Every structure is written in C-alpha cells, then in structure tokens.
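Everything on this sheet refers to the single structure shown next.
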Amino acid sequence: MSLSATHPVLLVAVPLFFAALCPVVGMWKRAACFYWALAGVAVTGFLTWTLIGKVTASHALTYNVGGWRPPFGIQIRIDYLGVFMACTITGVSMLVLVYCHRYATHDLKPERIPYFYTLFLLIFLAMIGFSITGDIFNMFVFMEIFSITSYALVAITGQKAAVRAAFKYLLMGATSSLTILLAISFLYSVTGSLNMPDISARLGSMRSTYLPVAAVALAFFVVGFTVKAALFPLHGWLPDAHSMAPSPVSAILSALVIKMGVFGILRIFFTVFGRSFSGLSASWGTLLSVLSWVAAIAIVAGAALAVFQKDLKYMIAYSSVSHIGYILLGICMLSPRGMTGGFYNLLAHALGKACLFLVAGAFIYKLGVRRISDLKGLGRKMPVTAGAFALASLSIVGIPPSAGFVAKFYLVWGSLQKGQYAFVVFILLGSLLAAVYCFRVVYYLFFTASDGPAPGVDEVPVTMWAPCALLALGTLFFGLYSGLIIPSLQTAARLLLR
Amino acid sequence: MKKALVLMALALIAVVFIYAIGKMPPMNGKDTPDKTHVVPRYLEKGEEEAGARNIITGIILNYRGYDTMGETTVIFSALAAVIALLDREKRRRSRSSVDASKVETSTVVRTVARFVLPVVVLFAVYTILHGEPSAGGGFQGGAIIGASIIIFALVWGLPEATDRMPLGARLPLESSAMLAFLAMGVIGLAYGVHFLTFILPGLSAGVAETVRSLMLTVIEAGIGVGGGIIFVSIVFAMMREDRYELQQDRK
Amino acid sequence: MSFSRIVNNFNYVFSALLFLMGLYTVAVKPNLIKKLIGLNIMETSVFLLIVSLGMVGGGEAPIVEAGVKTANIVNPIPQALILTGIVVAVSTTAVALSLCIRIHQKYGTLEAGAILGREVDV
Amino acid sequence: MSTALSVILLLFLVTTAAVAIKLKDLLAAVIVFSAYSLMMAILWTQLRAPDLALTEAAVGAGITTVLFVVTIFKTARREDD
C-alpha cells in the first residue's frame, strides 16, 4: 500500500473529506457521526502508518501540491519529526475519539453532536497538515484552523466558565496568530520566499543590512509560538481553557494542540533559520540561552502551581505548563541527546496527559466531582480508570520504567553533557514537585476510605475505560521498549542540527 | 498598574517594530528581494501556466491552491464553531429581536430592496465567473451573495428567509467549496499527476486548457456558493434569539 | 539614513501605528466588543504592511494586459496571501462574536472586569 | 499625487481607528469601523490591489459589520466606564 507514500497530501485530504460531509451525515442520522469520524481518523491513521517506512528510508518525503516545484508552489515535506508528530496525533486522537462516544452523548446537547465531531475532524486534519507542510504560510493557515476549532471546542458545552475561558483563549490565540503573520511578512520582505528550505537558503545569501529584519521576525515567531505553546510567563490562557473544556477536548488540547506551538518553534529554528545562519549567531545564542532558562523556570513554576490546585483538572492543566518547559528545554540544548529527550517527552506527555484528562473526565462523568479531595476511595470503585491514572502519573513524574523516565533521562544526560548542572537541578525539582501533585491524587484514590456513601458508583463504560487503559499502557510500553523510537528520534535531531 | 505594564510592553514592541521597518526593503522599490525571486515567473508565465490573466486568481487557485483549500476549511471551521456555540435556527419559527418588534419595515426599504437585490445577485455571479480576466473571484462573489440574502432576512424577517432558504438545502451546500477542491484534486490523482494539478496528461494542448478552465470554474463556483451560504448560516444562527421563538410555524 | 528610510516607508509606519493602537485596545479596553474591534484593526494593519512591501512605484495591478511590462506590475503574492488573511480575520471575528453572545447570556455583561476577573465557579 | 492621496487615506484610517476605539456607543463605534474598512478598500486600490479592495468592501465593511451589529443588538449597546 504505497498510496500515501506517493501522495502524502491524502493525510490532509482524507480527513477533510470526512469533515466536510460530517454535518450531512449528522442531518441523516446523528448517531452515525461518531462512526463517520472514527472511520475518518482510522483511514488517516492507516495512511500515516504506511508512510513511516518510506520516510525512514529516504529521510524526508517531499510532494509538490499541484505539481509546482518548491519556491513556486506549496511543498509538503515530511521528515522524521513530521511523521513522528503525525503518528502521535493519529494515535492519541483515535483513542480520545473512542472515549468521546459516550462522553459526548452525556455532556452535549444532541443537536451539537454532529458539529462536535466535525470540529474534531477539523482540528485533527489541521494538526496533521501543520506538521507535514513545508510552506510557512500554509503552516499559518493550518494553525488558524486548529486555533479556531479549539476556541469553539472549549466552549461547546456552553457552561458559564467555559465560555469565559474560551474567549480569553481566543484573544490570546488570535493576537499570537497575528504576531506570527507579522513575522511571516517581515521574513517575506527580505527573502521573497515562503518555502521553508528556500527561505533558509535565501537567508544565507542575504544582504547583511537586512539581518535585523530577520532577527525581529525570529523574535516575533518565538513570541507567537510560545503563546500557542503556553510557555510559562505567557501561559495565562491555558489553565482556564484546558480545565473548563469537556475532558476529551482537554485531552486533545493538552496532549496535542500546545505541542503544535513547540513544533512551530522547531520548524522556525531548524528548518527556516537553521544553525548555519551565521549572520545571526550572536543574537541566536542569546535567544537560545534566554529561552532555555525560561523553559527551566517554566518546569518548576508550572509544577509548583500545580501543587497548590484543589481542582483536579486545573492541576493537570498546570502540569502541562511544566511539561512544555521540559520539551523546550530539550530543544534549546541543541544536542542530539537533549533534543531526543525533548521529543520523547513530547510523546510521553501526549500519552500521559491525555490519559490523565480522560480519567478526570471519567470521574466527572460518574460523580460530577472535580475537587481532588472528593476523590476519596474511588480506586476501589473504579479500579481500571484509577489504575490508569496511577500508571500515567508514573510517566508524568518520570519514574522508571515509564516513557517519562526515558525522556527525563535523556534530558538530564544532555544537560550533563553540556555542563549545565543548573538545568539538572531544575529537571529533578520539577519531577519532585510532580511526584507531590500526582501522588497526592493517587493517595486519595487508593489509600483513603470514602467518607460519604456514594451508592451505585462503578466502572465507566468500556469505550471510556479502554482508551484510558490503553494510553496508560502506552506510557509503560514506550518506557520499556524505548529502543523502538529513540534511534529514529536521534536521527531526527541530527538531521535538524545538520 | 496593569495599564502601565501594558504601555511598557507596547513601547517595547513599538521600538522593535520601528527598528525593523527602518531596515526593511524600501517601498516602491523594483529590485527588492520579494520582487526578484519568485514573482518574475508568476508575472511572465502566469497567464500561460496557471490559466488566468488575473495573476492573483492564478496564484490562489493554481500555484497556491492548497492554501485556498485551507482557507475554505478555515471558514467552514468558523461555521462549525458558530453552530456548535449558538445552534441552528428553526425553520419559520426563529426570530430576531427586530422581527419581534412591532414596528413594520417601511415600504421604501422593501421597494428598494426588491429592486436592488436581483442586481446585487447578478453582480455577484459576474464577480464569481469573471475572476479569471479581472478582479474578483469565488470568495468575493460569495460574500456578495451572502450579503444579499442577509439583507433579505433583515427586510422580510428571519422566518421568511429561513422558509426560502431552508436548512435542508443550505447544509449540504456549505461544504461545497471543500468538496469542489477535493473532487478537482482527485481528478489529478486519477490521471497520475499531483493533487490539484489542472493540466492533465494525455490530452492535447487545446483540450487540456479547456479542461483546466472548466475545473477552475468549478472551484470558483464551489467557493462562491459555499462561502456565501456559510455567511448566511452564520448570520442566521447569530440573529435568532431563543426568547422570540414562535411556538408554531408562521405560514 | 535609517530615519529617511522610515519617512519614505510611510505605509509601514502607519501600519505599525495601527498595530499598536489595536494591541492597546485588545489589552486595555474592558469591553469585549471593543477588544474585537481592536483585533480587527490589528489584523488590517498587518495586511497593510505586507501588501505595501509588494508595491511598485507607478506600478500596475497584477492583471496581465497587452502592452504592460511585467517589471511594472506590483507583487501579487502578498495580495494572494492577504485574501486568505481576510477570510481568516472574518472567521475569527465570527467565532469571537458568538462567544460574546453566549457570555452576555451567562454573565449579563460584556465588561472584562466583571467577566474575566471572576473566580472560577465550579 | 497618488502619494498625497495615500497619505490622506492613511491619516483618515488612523483617525477612524482612534474614533472607533474611543467611542462609548458601540453601535457608533462599529459604524465608524466599517468606514475604516471602506477607507482600507480605497487604499487597496491605491496599492494596486483591486481583488483585495473588492474583498475588503464585501467582507470587511459588509459581513464583519453585519456580524458586529447583530451581536450588539443581542447584547449591550453601551460600553461602561
């Protein structure tokens, strides 16, 4: 099956077809929308899967949409990192979508269900399109699709706090999008190109008087994408939006959408500007060291804020702020080890955080409780979901043999290699705080007796607990068999650094 | 306090911004980097390669058609978002606050609208189909069609408008822009060339160009109809108010 | 040198000014509708910047006519990009205004002080 | 000549933007903002962008204004101090 290898554009076109017809399916039969969306994600997942071999064989797969060669048309460019992102996106989306089946009928007005799945497919295809494109403006277009859909998904229940959070998210998101568009125009004014490798080449041969414009463009890109990624001082929108959204949506937003901001930074740093961009070397170094210190502070600040939360979903959301710090710190190390750690944490956090939010959703589904202190003794009544929570917590904290441990191991190794002992302290402190906030919940779940009688509380339906369990087992699997992916990620890092 | 902080941030951004525009290539220059790299080919070969005298149309439909597919997806996402937040109107029953007020629309407005609207729609169709040789195109025309239907809803009321443009007819048309792009793209795949390639292999030059202009027209029409209907649906969803909803159909 | 550049590039200067005005409105004005007007002003300012940089002195619109030299035609790429940009802007505005309608239903006001500052009510 | 016209248009733009930001009556602010969009449309023709002018006039001045007006009718017309 080499259809997707010859035509990688199908990764976007197939879910787009399913999204375009989802409301029509909903008009015919509301209940069919779920299966329609599931089919869309499954087919795309299959196409992504068949792509892996091809990408690893040729390092980067390129496809000229419309047959126009790169600077003239839009080129789809799938490298190691792109296919890694696409696989993470399809895998997590698939499991979250299965979970949505019961959750959506429980939480949403019936007439909104078709549009919920339409938005789900749209956000899914936009994230895939974002990670595989090789054109900077095309990236902006896909970014806008997943931004607009995520504003709506946060507020889809129509609850008071959710609408408010969505508006705050929208203001921050739209402003950061504009910052990125502004950066694109600055970059275009001095390079005259929109294709990423072509911009990189043009920057290398640019007149030196234009260097400041490129530097300002870089700064605006970084600011814009760090807002999208919710890096610590600019994270203001995240806790509200991620905790007030319906839980499956929180899972998608926290596991995947904020990673898109990180991915954008990666693309800008390595594919667009590249290390060979010698003219900026001074400001480049400053920017990286500033960014890595900000990331290090984010690790501790996010984790510390999470410790003080009384609300379960707020706690999980603040934990995301901390983990974005880990990923960015790894990227800013600019060494294969550190970057591998960052990329691996991207996967580990996507699986673990999706699991935590889905479990939080399961508690809300059964009991309607959100406060951590209300979870007493639930471990005995909902053993699978609570067990999944404990297992995913291991990965979030970074205890062997989970995937989170592997990621942090590489991060620590990378910083030791660079002689940055301060970062080791930050990473370990972050893990310590993570242990505090995660195991507090685990303690309530398993080691306290419930004080109030909660009759009739039992395990959630299988379509809800199975995704949680699979995600949790995924963190374990990728911890035990890290050798499956680590070599490819190291190659990815080396290719980016070249 | 907050204001002072914001002003400081603004001052910082202003300094950076002014610094950048001071170093940017000058306006009106002919040999700036942006005009010497990709553009010459578009200008010299655009008409022949992309099949449109209006280079912009050539770029948005052909050279960068994938972006425009994304653009139609953006506006479809906006529609899905608005409907997910505000819900659809109910045919003949949903009303806006204007419909609920006792004041009748004045005869002048009705008469003017009756004469102007057909002309507006005609102009919109012209804009859609005439995007190749002159300014205009699917999206602009679609916006004008949408605006004319919105004017209809404002003058004759939401129940009348939802009766004339029922949901069952609008809903499938909303995705027509994306479907037009996908269908035309898949034709390319079937002929063994890349997605959204409009010059199909195996056809003689004249036929291939005719096929291309046909395919581009289908996309323009799709964007026009899809964009227009999406605007109408968004405005209908925003106009309706629950508290003014009628209990029975207004016949 | 740099100063005369700035004066010559007056479109850029005005776009920077509009951008800052918009950003100020988004950040400071308490009313949500006002914030959205500010956001739209910001958007048009960015559009103005990118289209201005494609301008050619005494140039022609990018529509190929017989007898027009291609060197004298303005850069069409920014215009094509901004067509997409305008659509994105109106889409964002539509979603934001729908959220405003919902917020007004839930909170009875559109003033940020009364809405955004309120503690979580879960 | 056309430079002078552009500068006048830009000054108008800044003025209308400032007025739209300053006005307490939101409906008036939105109407001024639609004037801003129309001004922008004229500026696009000055910048030799007829397609953008058409789009800005239809979408910026037309659809966006309708959306704002509809929202203001459903919510509050005045901005509090």
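Read the figures in this text as sums done on the coordinates, not as results from a lab. Just so it is clear, the model here is predicted, and its values are computed rather than measured. Here the Cβ positions follow ideal geometry from the backbone for every residue, glycine too, while neighbour counts run over all protein chains shown.
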| Got a sec to turn the phi values of the stretch B:45-59 into Karplus ³J(HN,Hα) couplings, 6.51 cos²θ - 1.76 cosθ + 1.60 with θ = phi - 60°, whole Hz, x for Gly and Pro? | 10, x, 5, 6, 6, 9, x, 8, 5, 6, 4, 4, 4, x, 5
| remark: Residues meeting the amide H criterion for A:Asp79 (H placed from the backbone, H to H distance under 5 Å, 5 or more places apart or on another chain) are A:Leu61
| message | Taking the beta-carbon count within 10 Å as an exposure proxy, list D:Trp44, A:Trp293 from fewest neighbours to most. | response | A:Trp293, D:Trp44
| note | Interchain or sequence-distant (5+) residues whose placed amide H lies within less than 5 Å of the amide H of C:Glu60 are C:Ile73, C:Val74
| So for the pair B:Leu203, A:Phe447, with labels modelled 7 Å out along Cα→Cβ, what separation do we get in nm? | 7.3
| task | Could you please rank A:Met94, A:Met333, placing first whichever residue has the fewest other Cβ atoms within 10 Å of its Cβ? | result | A:Met94, A:Met333
| said: Which one, B:Leu86, A:Ala296, A:Leu16, is farthest towards the positive end of the dipole of the protein assembly as shown when Lys and Arg carry +1 and Asp and Glu -1 on their Cβ? | reply: A:Ala296
| remark: In chain B, taking the dipole from +1 charges on Lys and Arg beta carbons and -1 charges on Asp and Glu beta carbons about the Cα centre, the listed residue (B:Gly188, B:Met238, B:Gly142) farthest towards the positive end is B:Met238
| task | Would you list which lysines come within 17 Å of A:Lys418, measuring only between C-alpha atoms, while excluding same-chain residues fewer than 8 positions from it? | result | A:Lys408
| Pulled fully out, how much extra length does the chain show between A:Phe308 and A:Thr491, if you take 0.36 nm times their separation in residues and subtract their Cα-Cα distance? | 61.9 nm
| request: Starting from the coordinates of the alpha-carbon atoms of the stretch B:152-238, obtain the Kirkwood hydrodynamic radius over all distinct pairs and give the value in Å to one decimal. | output: 14.7
| query | Cβ under 14 Å from A:Leu347's Cβ, A:Leu347 left aside: what net charge do those residues give with Lys, Arg +1 and Asp, Glu -1? | reply | +3
| task | Step through the residues of the stretch A:324-335 one at a time and calculate ³J(HN,Hα) from phi using the Karplus curve (6.51 cos²θ - 1.76 cosθ + 1.60, θ = phi - 60°), rounding each to whole Hz and writing x for Gly and Pro. | result | 4, x, 4, 5, 5, 4, x, 5, 6, 5, 6, 10
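Jot down the per residue volume, in cubic angstrom and as a whole number, of the convex hull over the alpha-carbon atoms of the stretch A:132-181.
Convex hull volume per residue, Cα atoms: 54 Å³.
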| message | Show me, for the stretch B:213-222, the HN-Hα J-couplings you get by feeding each phi into the Karplus relation (A = 6.51, B = -1.76, C = 1.60, θ = phi - 60°), rounded to Hz, glycine and proline as x. | response | 5, 5, 5, 5, 5, 4, 5, 4, 5, x
| field | Contact order relative to length of the stretch D:2-74, as percent, for alpha carbon pairs under 8 angstrom and 6 or more apart | value | 30
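Which entries of A:Lys228/C:Lys34; A:Lys168/B:Lys23; C:Lys29/C:Lys106; B:Lys90/D:Lys24 have Cα-Cα distances beyond 25 Å here?
In this structure, A:Lys168/B:Lys23; B:Lys90/D:Lys24 exceed 25 Å between Cα atoms.
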| Cβ-based net charge around A:Phe142, under 13 Å, with every Lys or Arg adding one and every Asp or Glu removing one | -2
| message | If I take the Cα coordinates of the protein assembly as shown and project them onto the principal axes, what are the three extents in Å, biggest first? | response | 79, 70, 64
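Where does each of A:Cys332, A:Cys22, A:Cys87 land when they are ranked from fewest to most other beta-carbon atoms within 10 angstrom?
Neighbour counts put them in this order, fewest first: A:Cys87, A:Cys332, A:Cys22.
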| Distant-in-sequence amide H partners of A:Ile399 (H built 1.01 Å from N, under 5 Å) | A:Phe405
| note | In whole percent, the Cα-Cα distances of the stretch B:55-244 spread across 5 Å bins from 0 upward as 1, 8, 14, 17, 16, 13, 10, 7, 5, 3, 2, 1, 0, 0
| Distance in nm between label sites at B:Thr36 and A:Glu111, each 7 Å beyond Cα in the beta-carbon direction? | 6.0
| query | Taking trypsin sites (Lys or Arg not before Pro) as exposed when DSSP calls them loop (any state but H, G, I, E, B) and at most 15 other Cβ atoms lie within 10 Å, what is the longest stretch of chain C free of them, the sites themselves excluded? | reply | C:1-68
| field | Mean separation of Cα contacts under 8 Å (6+ apart) over length of chain A, as relative contact order % | value | 14
| note | For B:Lys45, the lysines lying under 21 Å Cα to Cα, once residues fewer than eight places off in the same chain are dropped, come out as B:Lys30, B:Lys35, C:Lys69
| remark: Once the mean of 1/r over all distinct C-alpha pairs in chain A is inverted, the Kirkwood radius in Å reads 22.6
| What do you get for Rg/Rh of the stretch D:2-74 when both radii come from the Cα atoms and Rh is the Kirkwood radius? | 1.02
| request: List the relative contact order of the stretch B:55-244 as a percent without decimals, with contacts defined as Cα pairs under 8 Å and 6+ residues apart. | output: 35
| When only DSSP loop residues count, what chymotrypsin sites (Phe, Trp or Tyr not before Pro) in the stretch A:411-497 have their Cβ near at most 13 other Cβ atoms within 10 Å? | A:Tyr481
